[in-house]
Amino acid sequence: MTDKQPSAATPGNGNGNGTPPRQTRRVRKNLLSQQAAAYLASLTPTEPPAVAALRAATAALPEAFFQMSPAQAALLVVLLRTTGARRFLEIGTFTGITTLTAALAMPPDGQVVTLDIDPRYPAIGQPFWAEAGVTDRIRLMIGPARHSLASLMADTGRTETPKFDVVLIDADKEGYPDYYEAALALLRPGGLVLLDNVLWRGRVLDPEDDGSKPRLFRRLNKTICRDPRVDASLLAIGDGLIVACKRP
Ligand SMILES: C[S@@+](CC[C@H](N)C(=O)[O-])C[C@H]1O[C@@H](n2cnc3c(N)ncnc32)[C@H](O)[C@@H]1O
């Protein structure tokens with residue numbers, strides 16, 4: 001959700017290199033007008049108590065803005081339910097708000113596999129997963145996502161392990177192109193891959209902004225929206241979200 005992911009060694013910093021982000025980068029977390037965002041928020045369903053409690057705990061962190069908004073989480077629930085998802089893969093756990101949301105939205109035999117490089121963020125969420133009674137539905141893999149994805153691909157190749165129904169990509173942005181390819185390999189036909197932050201707080205829309213992230217997302221968004229392997233739609237929700245359905 002941010003231009004600067006903290007390194008594993010500096011949680012709590014929220015910036016990573018000590019350079020304050022430009023004011024425009026800090027404030028533009030939602031592409032909608034304040035009025036539209038407030039209206040949307042007023043219609044967003046109340047979250048389960050365990051999710052609301054984890055949001056309250058997460059709010060105390062300097063990186064609280066990493067978390068998906070309740071409106072995005074509501075969309076995730078709709079997508080999980082409409083696809084009948086039982087296997088959800090998340091790249092970028094943070095404190096596990098989306099992890100918990102997905103575990104509660106799927107049937108009791110559903111499984112969430114969630115990947116993060118830094119164990120200290122998911123450790124904040126784990127007591128809330130336990131309180132909600134879904135710990136046994138969640139497999140947390142700690143380490144660089146590239147390594148965890150390689151291990152999941154090896155599992156899928158070796159055994160009858162079912163593929164994933166939905167994959168959410170929300171970790172380091174430089175990894176997105178590789179994570180997208182891995183997601184397609186791990187998804188069942190008809191499954192969905194979701195990529196968060198693809199409008200990068202509107203900076204992607206400014207052709208004069210040649211920052212590394214806007215350039216990365218311009219390239220990637222074009223690639224995915226023209227990819228013959230998927231049907232894709234880019235939604236201006238939150239910080240921009242691509243929803244792409246893997247073709248049979
Ligand atoms: C934007 S947050 C995820 C937010 C989460 N989906 C939510 O809505 O609460 C991104 C997470 O990706 C993790 N991350 C950053 N680089 C990573 C990497 N190379 N491999 C795995 N996780 C990484 C960070 O530690 C951070 O917790």
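The values are calculated or read from the model by the stated rules, or taken from the named source; none is laboratory data. As the structure is a prediction and not an experimental result, all values here were calculated from the model. With ideal geometry, Cβ positions are generated from the backbone for all residues, glycine too; neighbour counts draw on all protein chains shown.
Looking at this structure, is Ala56 assigned to a helix (DSSP H, G or I), within 27 Å of Gly190 (Cα to Cα) and more than 9 Å from the ligand (Cβ to nearest atom)? Before you say what the answer is, go through the steps one by one.
Details: assigned to a helix (DSSP H, G or I): yes; within 27 Å of Gly190 (Cα to Cα): no; more than 9 Å from the ligand (Cβ to nearest atom): yes.
For Ala56, the condition - assigned to a helix (DSSP H, G or I), within 27 Å of Gly190 (Cα to Cα) and more than 9 Å from the ligand (Cβ to nearest atom) - is not met.
Give me the residue from region 57-72 that is aliphatic (A, V, I, L, M) and closer than 19 Å to Ala103 by Cα and, out of that set, surrounded by the most Cβ atoms within 10 Å (Cβ to Cβ). Show your work before the answer.
Going residue by residue through region 57-72, those that are aliphatic (A, V, I, L, M) are 57, 59-61, 64, 68, 71.
Filter once more, so that each one left must be closer than 19 Å to Ala103 by Cα: 57, 68, 71.
On the way: Ala57: 15, Met68: 25, Ala71: 18.
Among those that are aliphatic (A, V, I, L, M) and closer than 19 Å to Ala103 by Cα, it is Met68.
Give me a count of the residues in region 176-219 that are aliphatic (A, V, I, L, M) and under 28 Å from Thr161 (Cβ atoms).
Quick first cut of region 176-219, residues aliphatic (A, V, I, L, M) only: 182-187, 192-195, 198-199, 204-205, 216.
So of that shortlist, the ones also under 28 Å from Thr161 (Cβ atoms) come out as 182-187, 192-195.
Summing the residues that are aliphatic (A, V, I, L, M) and under 28 Å from Thr161 (Cβ atoms) in region 176-219 gives 10.
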Scan Pro108, Pro162, Pro127 and give me the residue that is over 14 Å from the mean Cα position of the chain (by Cα), at pLDDT below 95, surrounded by fewer than 18 Cβ atoms within 10 Å (Cβ to Cβ) and not hydrophobic (A, V, I, L, M, F, W, C). Pro162
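Anything in region 89-140 that is aliphatic (A, V, I, L, M) and either near the ligand (Cβ under 8 Å from one of its atoms) or touching a strand residue (DSSP E or B) at 6+ places or on another chain (Cβ under 6 Å) (or both)? List them, or say none. Working first, answer last.
Our first condition is that a residue be aliphatic (A, V, I, L, M); within region 89-140, this holds for 89, 91, 97, 100, 102-106, 112-113, 115, 117, 123-124, 130, 132, 134, 138, 140.
Answer for region 89-140, where residues must be aliphatic (A, V, I, L, M) and either near the ligand (Cβ under 8 Å from one of its atoms) or touching a strand residue (DSSP E or B) at 6+ places or on another chain (Cβ under 6 Å) (or both): Leu89, Ile91, Ile97, Ala102, Ala103, Val112, Val113, Leu115, Ile117, Ile138, Leu140.
Please determine whether any residue of region 151-168 is of a type in the set (D, E, K, R), touching a Lys or Arg at 6+ places or on another chain (Cβ under 6 Å) and within 30 Å of Pro127 (Cα to Cα). Walk me through how you get there before you give the answer.
Of region 151-168, the ones of a type in the set (D, E, K, R) are 155, 158, 160, 163, 165.
From the residues that got through so far, the ones that are touching a Lys or Arg at 6+ places or on another chain (Cβ under 6 Å) too are 163, 165.
Going one step further and asking which of them are within 30 Å of Pro127 (Cα to Cα), we end up with 163, 165.
The answer is yes, given that some residue of region 151-168 is of a type in the set (D, E, K, R), touching a Lys or Arg at 6+ places or on another chain (Cβ under 6 Å) and within 30 Å of Pro127 (Cα to Cα).
How about region 237-248: which of its residues are surrounded by 14 or more Cβ atoms within 10 Å (Cβ to Cβ) and either in contact with a strand residue (DSSP E or B) (Cβ under 6 Å, 6 or more places away or on another chain) or among the small types (Gly, Ala, Ser) (or both)?
Within region 237-248, Gly238, Gly240, Leu241, Ile242, Val243, Ala244, Cys245, Lys246 meet the criteria.
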If you go through Arg218, Arg229, Arg158, the only one that is touching a residue at least 40 places away in the same chain (Cβ under 8 Å) and either more than 23 Å from Ala102 (Cβ to Cβ) or touching a Phe, Trp or Tyr at 6+ places or on another chain (Cβ under 6 Å) (or both) is Arg229
Please find, within region 78-88, the residue that is farthest from the ligand (Cβ to nearest atom) out of those that are touching a residue at least 12 places away in the same chain (Cβ under 8 Å) and more than 16 Å from Trp129 (Cα to Cα). Gly84
Looking at (1) small (Gly, Ala, Ser); (2) at pLDDT 95 or above; (3) away from the ligand (no atom under 13 Å from the Cβ), which is the one condition that is false for Ala171? (3)
